[in-house]
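Structure first, commentary second.
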Amino acid sequence: MDALTSGEFTEAEEPFRLFASWMDEATASEPNDPNAMALATVDADGLPDVRMVLLKGADEAGFVFYTNTESAKGTELAAQPKAALVFHWKSLRRQVRVRGPVSRVSQAEADAYFASRHRDSRIGAWASQQSRPLETRFALEKSVAFYAAKHAIGEIPRPPYWAGYRITPVAMEFWQDRPFRLHDRVQFLRTAEGWGRTRLYP
């Protein structure tokens, strides 16, 4: 019996414990990047924009990812701080949808995560003008070489335009594949009293 049809799922009063359980299973079964998630935002015209990012933290406060604040997603979130996420784990035939407002993580939290990254990734954060036009690949390699030389000794500080974002969910939906497209879907909605749970038609 899987988690979706077990007592653990049907009796759950909040979604975070279930998400943690599914993430643990995905970490064991996905061939790579079980923390990959599709992030949807909207531009100034209200046109949706979506891309894959990596989840770097998840708890009852929300779902955290990091990026260049001057990138397309960063500028879109500055104008409209709301987003949606989708996790899809093909090996488990499951997905999780999340929607909610977005806020910045603290400077200390962003500093701590940036310091934990591989040194070359930290150099890359300085070198890349994310989402903006790039003349040639050589121009990027030149920028990487410049910042590698600039930060050849000592710690590499976090760029002022690189930060973390936290999506605080107001809705989460868990989906499990079933034969003949009769899938299981359970939606959790945040209310003033806590989380409400509703089973949905597939």
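The values are calculated or read from the model by the stated rules, or taken from the named source; none is laboratory data. All figures in this text were calculated on a predicted structure; none of them were measured in a lab. No Cβ is skipped: glycine too gets one built from the backbone with ideal geometry, and neighbour counts run over all protein chains shown.
Quick rundown of the values:
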read-out: Region 36-52, residues that are closer than 16 Å to V98 by Cα, out of contact with any His (no Cβ under 8 Å at 6 or more places or on another chain) and in contact (Cβ under 8 Å) with a residue 24 or more places away in the chain; value: A36, M37, L39, A40, T41, V42, D49
read-out: Segments classed as strands (runs of 3 or more DSSP E), wholly inside region 89-202, with at least 1 members that are in contact (Cβ under 8 Å) with a residue 40 or more places away in the chain and among the polar types (S, T, N, Q); value: 94-104, 171-176
read-out: Breaking point among (1) in a loop (DSSP other than H, G, I, E, B); (2) modelled with pLDDT under 95, for D33; value: (2)
read-out: Positions within region 41-61 being within 10 Å of the chain's Cα centre (by Cα), surrounded by 15 or more Cβ atoms within 10 Å (Cβ to Cβ) and not in a loop (DSSP other than H, G, I, E, B), in sequence order; value: V53, G57, A58
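Okay, residues lined up against (1) of a type outside the set (V, I, T); (2) surrounded by 12 or more Cβ atoms within 10 Å (Cβ to Cβ); (3) modelled with pLDDT of 95 or more; (4) in contact with a Phe, Trp or Tyr (Cβ under 7 Å, 6 or more places away or on another chain):
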{"site": "V98", "(1), (2), (3), (4)": "no, yes, yes, yes"}
{"site": "R104", "(1), (2), (3), (4)": "yes, yes, yes, yes"}
{"site": "G124", "(1), (2), (3), (4)": "yes, yes, yes, no"}
{"site": "R132", "(1), (2), (3), (4)": "yes, no, no, no"}
{"site": "A152", "(1), (2), (3), (4)": "yes, no, no, no"}
{"site": "Y161", "(1), (2), (3), (4)": "yes, yes, yes, no"}
{"site": "F174", "(1), (2), (3), (4)": "yes, yes, yes, no"}
{"site": "R181", "(1), (2), (3), (4)": "yes, no, no, no"}
{"site": "A192", "(1), (2), (3), (4)": "yes, no, no, no"}
